[in-house]
Structure formats: structure tokens, C-alpha cells
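Novice: To start, I am sharing the structure in question, which I have written as C-alpha cells.
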Amino acid sequence: GIQVEQSPPDLILQEGANSTLRCNFSDSVNNLQWFHQNPWGQLINLFYIPSGTKQNGRLSATTVATERYSLLYISSSQTTDSGVYFCAVVDYKLSFGAGTTVTVRA
Amino acid sequence: NAGVTQTPKFQVLKTGQSMTLQCAQDMNHNSMYWYRQDPGMGLRLIYYSASEGTTDKGEVPNGYNVSRLNKREFSLRLESAAPSQTSVYFCASSEARTGGRQNIQYFGAGTRLSVL
């Protein structure tokens, strides 16, 4: 199956800072999703982005399918951005990376 | 529109007990999935149902059974719970199992299961 690697594993930010999370995957995909798991455990869909760039408020994502990576940008971070961010891709199943744990401090 | 609903939210079992986790979706999706999440890890697929009437094994099916009761409902059963099954279980659904936009998956709130 497809291997998904996320970096960094942990990220500590001061409120207002910007950050970039990376997702590398081992094979071509036609479905890539970013999720945010909040501190209560709920998985929230952020982006469906197999290629190109999308923006949603302070979050944006870019996938370069030919180079097999995706980036998630958090701008002007807020404490509510804390949690774990997962990248997941589809071959016959949704394969998740191990996640990046983001802690935003006030 | 509730999306994906899982019950119960929390459960504690003794080793050897059985239980069924329930999942229902109201998005008229064809495909449904059960995942488990262990500390520090991403989600791993246990079983999935591509469409009503079909089920298939995922990455970690041992110790579990599933039933696709109808298009809305997909249950996960632990016949004889073991401590290794202590985990958080998530149900998800999508329009279809194929790749692309049809396989955008939406998740329930999860069930936290402890097996003592």
C-alpha cells in the first residue's frame, strides 16, 4: 500500500505565528485529504486536494502530485488550531500518516 | 443533518466480553468504513463496506466482525474482547469507495473503548 509520511511530528507555536506542515506519499494518488483532529477527538475535514492549491480562511493547502507531496499552511495561528493534523491518501483504502501534533500557546 | 453518528461514545469491557458498536449515516452514502486509532498513530482500516450487501477486510480485521444492516447502518462486533482492542474506533462514510472526489470520507465522533 501507499506509505504516507508527515513532518514534523510535533510543532509548538506562539499565537499569531505561521507554520507549514508537510505530507509525502509514496505513489500517485487521485484523492488526498487533510483532517484536523481537535482536542476532543473529532476528525474534521479540512481539504480534499489531490492537486493544486486551495484556501479556506487562515488555512491553505498545496499538493504537487508529480512530486508526491502536499503542504498545509496555517497562518496567524490561534489556540483553536491546536490538535493533530492528518494527511490521508486513497489507494483501495484511506491511508493515514501518523500526524503532526500542533500546540498553539497564547 | 447529523452526518455520521456512532454509539456508544464510551465503553469499558472485561476481557472476553462481547459488544457491538453502532454506526449510522444520513448522507445517502454507498460506502462505509470502520477504523481504529491507537495512541500516536494515524487511523487503520478494520473493515469496509463498498456498498449495501458487501463487506471486505481492511488492514487489521482480526478479532472483529461487521454487518452492513442496510444502506444507512454499519456495525462492528467484538466477539471476545481483548486488551489489545483498547482503542478509539471511528466510523466513516463516503459516496463511493473509488478514488477521487467520491471517496471524500466523513467521520463520526468516535467510540473510546477500554478492555480490562
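The values are calculated or read from the model by the stated rules, or taken from the named source; none is laboratory data. What you see is a predicted model, and the numbers here were worked out from it, not measured in a lab. Heads up, the Cβs are rebuilt from the backbone with ideal geometry, glycines too, and the neighbour counts pull from every protein chain shown. Note: areas computed on protein heavy atoms with side chains; ligands, DNA, RNA excluded. Shrake-Rupley method; radii C 1.70, N 1.55, O 1.52, S 1.80 Å.
Novice: For B:Ala81, state whether it is more than 8 Å from every other protein chain (Cβ to nearest Cβ) and modelled with pLDDT under 95.
Specialist: On the way: more than 8 Å from every other protein chain (Cβ to nearest Cβ): yes; modelled with pLDDT under 95: no.
No, not satisfied.
Novice: Any idea which of (1) touching a residue at least 40 places away in the same chain (Cβ under 8 Å); (2) surrounded by 16 or more Cβ atoms within 10 Å (Cβ to Cβ) is the one A:Gln14 doesn't satisfy?
Specialist: A:Gln14 satisfies every listed condition except (2).
Novice: Name every residue in region A:62-103 that is more than 14 Å from chain B (Cβ to nearest Cβ) and aliphatic (A, V, I, L, M), in order of residue number.
Specialist: Passing the criteria: A:Val64, A:Leu71, A:Leu72, A:Ile74, A:Val102.
Novice: Sticking with this structure for a sec: Taking A:Leu71 and the conditions (1) surrounded by fewer than 16 Cβ atoms within 10 Å (Cβ to Cβ); (2) modelled with pLDDT of 95 or more; (3) within 14 Å of the chain's Cα centre (by Cα), which numbered condition does it fall short on, given that it satisfies the others?
Specialist: Here A:Leu71 clears every test but (1).
Novice: Hey, among A:Thr101, A:Thr62, A:Thr80, which residue is out of contact with any Gly (no Cβ under 9 Å at 6 or more places or on another chain) and surrounded by fewer than 22 Cβ atoms within 10 Å (Cβ to Cβ)?
Specialist: Numbers: A:Thr101 fails: out of contact with any Gly (no Cβ under 9 Å at 6 or more places or on another chain); A:Thr62 fails: out of contact with any Gly (no Cβ under 9 Å at 6 or more places or on another chain).
Just a single option satisfies the conditions, and that option is A:Thr80.
Novice: Which condition number in (1) within 15 Å of A:Asn31 (Cα to Cα); (2) over 13 Å from the mean Cα position of the chain (by Cα) is the one that A:Cys87 fails?
Specialist: Only one criterion in (1) within 15 Å of A:Asn31 (Cα to Cα); (2) over 13 Å from the mean Cα position of the chain (by Cα) is unmet by A:Cys87, namely (2).
Novice: Right, another one. Being of a type in the set (A, V, I, L, M), under 29 Å from B:Thr5 (Cα atoms) and at pLDDT 95 or above is the filter here; which residues of region A:5-48 pass it?
Specialist: Result: A:Leu46, single match.
Novice: Regarding region B:8-24, can at least one residue be identified that is within 20 Å of A:Ile2 (Cβ to Cβ) and open to solvent by less than 20 Å² (accessible area, probe 1.4 Å)?
Specialist: Among the residues of region B:8-24, not one is within 20 Å of A:Ile2 (Cβ to Cβ) and open to solvent by less than 20 Å² (accessible area, probe 1.4 Å), which makes the answer no.
Novice: In addition: Has region B:95-104 got at least one residue that is within 14 Å of the chain's Cα centre (by Cα) and either assigned to a loop (DSSP other than H, G, I, E, B) or touching a residue at least 40 places away in the same chain (Cβ under 8 Å) (or both)? Spell out how you get there, then give the answer.
Specialist: Pass one, region B:95-104, residues within 14 Å of the chain's Cα centre (by Cα): none.
No, the conditions are met nowhere in region B:95-104.
Novice: Taking region A:28-50 only, how many residues are open to solvent by 70 Å² or more (accessible area, probe 1.4 Å) and in contact (Cβ under 8 Å) with a residue 12 or more places away in the chain?
Specialist: 3
Novice: Out of everything in region B:67-106 that is among the charged types (D, E, K, R) and more than 18 Å from A:Leu46 (Cβ to Cβ), what residue ends up being most open to solvent (accessible area, probe 1.4 Å)? Spell out the reasoning first.
Specialist: At the first step, the residues of region B:67-106 found to be among the charged types (D, E, K, R) are B:68, B:71-73, B:77, B:79, B:95, B:97, B:101.
Of the ones still in play, those that are also more than 18 Å from A:Leu46 (Cβ to Cβ) are B:68, B:71-73, B:77, B:79, B:95, B:97.
Numbers: B:Arg68: 28, B:Lys71: 62, B:Arg72: 118, B:Glu73: 59, B:Arg77: 77, B:Glu79: 95, B:Glu95: 94, B:Arg97: 80 Å².
The qualifying residue most open to solvent (accessible area, probe 1.4 Å) is B:Arg72.
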